[in-house]
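Below is one structure, written out as structure tokens; the observations come after it.
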Amino acid sequence: RNDSLITSGTITENQIIITDENLEPNTQYSYKAYSKNDESELVTAITMDTTSHNFTWTIDTLGIYGSSLRDVAIIDENNIWVVGEIKTDTANYNAAHWDGEEWELTKVLLGGTAYAIKYFNEDDIWIILEGMPTHWDGTVWTFYHLQNMGIKISPLNSIWGSSSDDIYFVGDNGSIVHYDGSNFEKMESGTDVDLVEIKGEDDEILVTGFNWKTPSPNILLRWKNGKWNEILKVYHANTCEGNPYGRIQSVDVYNGIGYVLASDCLIMYDIERDSISEHTRLDEGKFVQTSESFHDIKVLNHNDIMLFDWSNGAIAHYNGINWYIDDKVTDHYFRKGDYKSDVAYIVGSSILVGKRNN
């Protein structure tokens, strides 16, 4: 690199991956490879710039005591959906929409708790209502009681899909269901672990799962070659102690990398190469020491990652160089978050709204 030797040795395979570390952000570097009798063309690369840690956080609330939000979808700063259980003095609701000025409460069908949401457009919204898929087509909500359709599955927890013609639902006891726009199909997951989150990018799809009881396996599944494949399986409930990872809780996928949050560890899974490229203990090394229990992750870019803590309202942000933890945001508890552009919404007993100050 430039005038510095990065590595040397004997190549025994057709391809080799070389990692160059300790580079400056937003800087151009030149590289050339040499063999005994030849040399490559000069190639250049520019490192990514850092992103700002500087967010302003405010608290918003919906409903009265006992309300609990389960998921959130940011379309843009003035178009946001939350779902869960929203109690008021006069009625109970299970969804709400922010239009930039106010929240509009909605009761989907007869009510009940909504656990997850996937928004495609204003006339194409999926939620999990009382553990079953429910769809808005712009006119009516349709509840799909899969058990009554002969599909024997446990309650569902999470949704992901590229469109309503290719959407997946995962749930307890290893339940996975696919919908192709016409029919629901139960898929064999190969596990009876509770599946808690599904995320993907194009055809690359990852699922995390764990059971609260101890000991039980924590797993990471990947959809490949027409079936679900087990990528990780570890047997520890809470932390990295005793194994490399800990409880596998949340996942996001960006540009071919699966970012897997597992208790005290952040695992980077290289999907194309089917290998774990790195794992970072969140209480040492690049991460500042913390006792927080992070359980949800959102990735905007490799240099713009946010983690959410469920019990103490702490936020962790990675800017491409280092991690910053704001552990004094609030003492509310949270379940899920979404993060888009310079806006973050984290929901649970209340709504934590973050706006980046560039």
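The values are calculated or read from the model by the stated rules, or taken from the named source; none is laboratory data. These figures come from a predicted structure and were not determined experimentally. Backbone-built Cβ (ideal geometry, glycine too); neighbour counts: all protein chains shown. These accessible areas exclude ligands, DNA and RNA; they are computed on the full protein's heavy atoms, side chains included. Shrake-Rupley method; radii C 1.70, N 1.55, O 1.52, S 1.80 Å.
Rounded to the nearest 20, the size of the Cβ-charge dipole of the stretch 141-228 about its Cα centre is 340 debye, with Lys and Arg at +1 and Asp and Glu at -1. Of all lysines in the structure, the ones whose alpha carbon falls short of 26 Å from that of Lys355, not counting any fewer than 8 places away in one chain, are Lys118, Lys199, Lys286, Lys298, Lys328, Lys336, Lys340.
When you count, for each residue, the other Cβ atoms within 10 Å and take the mean per peptide, how do 137-145, 319-327 rank with the highest first? Provide the component values of the computation, followed by the final result.
Details: 137-145: 11.8, 319-327: 16.0.
Final packing ranking: 319-327, 137-145.
In a shell of Cβ-Cβ distance under 14 Å around Leu69, excluding Leu69 itself, what net charge do Lys and Arg (+1) and Asp and Glu (-1) give? Here the count lands on -1.
Against the empirical 2.2 N^0.38 Å scaling, what ratio does the C-alpha Rg of the stretch 65-139 come to? Numbers along the way, then the final one.
Values: Rg = 11.6 Å, N = 75, 2.2 N^0.38 = 11.3 Å.
Expressed relative to 2.2 N^0.38 Å, the Cα Rg reads 1.02.
Percent of accessible area on the chain owned by carbon and sulfur, 1.4 Å probe? Using a 1.4 Å probe with all protein chains present, the chain comes out at 43 percent carbon and sulfur.
For the stretch 120-204, rounded, prolate or oblate, judged on the Cα gyration tensor with a ≥ b ≥ c (square roots of eigenvalues), a/c < 1.5 rounded, else prolate if a/b > b/c? Please report the intermediate quantities before stating the final value.
Details: a/c = 1.80, a/b = 1.30, b/c = 1.39.
It comes out oblate by the Cα gyration axes.
Taken over the stretch 299-358, the alpha-carbon convex hull comes to 73 cubic angstrom per residue. Which of Arg222, Arg70, Arg273 moves the most in a Gaussian network model of the chain with Cα springs under 10 Å? Greatest mean-square fluctuation among the candidates belongs to Arg273.
Between Phe169, Phe55, Phe308, the Gaussian network model of the chain with springs among Cα atoms under 10 angstrom shows the greatest mean-square fluctuation at Phe55.
Provide the packing ranking of 312-318, 146-152, 296-302, i.e. peptides ordered by the mean count of other C-beta atoms within 10 Å per residue, highest first.
Numbers: 312-318: 22.7, 146-152: 11.9, 296-302: 18.4.
Order by mean packing, descending: 312-318, 296-302, 146-152.
I'd like to check one number: the per residue accessible area of the chain, probe 1.4 Å, reported in Å² as a whole number.
On the way: 18160 Å² over 358 residues.
Ligands and nucleic acids excluded, the figure is 51 Å² per residue.
Report, to one decimal in Å, the Kirkwood hydrodynamic radius for the stretch 1-125 based on all distinct Cα pairs.
Working: mean 1/r = 0.0500 Å⁻¹.
After inverting the mean inverse Cα-Cα distance, the result is 20.0 Å.
One quarter of the convex hull surface built on the alpha carbon atoms of the stretch 49-207 amounts to 11.9 nm², the projected area averaged over directions.
Convert 20 °C to kelvin, take the viscosity as 1.002 mPa s, use the Kirkwood radius over C-alpha pairs of the chain as Rh, and evaluate the Stokes-Einstein diffusion coefficient in µm²/s, rounded to a whole number. Display every interim value, and only then the final one.
On the way: Rh = 21.9 Å.
Calculated translational D: 98 µm²/s.
Distance between the C-alpha centres of the stretch 174-230 and the stretch 134-169: 15 Å, rounded to the whole angstrom. Rounded to the nearest 20, the size of the Cβ-charge dipole of the chain about its Cα centre is 900 debye, with Lys and Arg at +1 and Asp and Glu at -1.
Taking the Cβ-Cβ separation of Asp124 and Ser4 as r and a Förster radius of 35 Å, what is the calculated FRET efficiency to the nearest 0.05? Before the final figure, lay out the partial values.
Details: r = 52 Å, r/R0 = 1.49.
Efficiency, rounded to the nearest 0.05: 0.10.
Here the contact order of the chain, divided by its residue count and restricted to Cα pairs under 8 Å and six or more residues apart, works out to 12 percent.
Partner aspartates and glutamates whose Cα lies under 16 Å from the Cα of Lys107, excluding those fewer than 8 positions away in the same chain, are identified as Asp71, Glu85, Asp89, Glu130, Asp137. Full extension of the chain between Asn358 and Ser30 gives 115.1 nm of extra length, using 0.36 nm per residue less the Cα-Cα distance.
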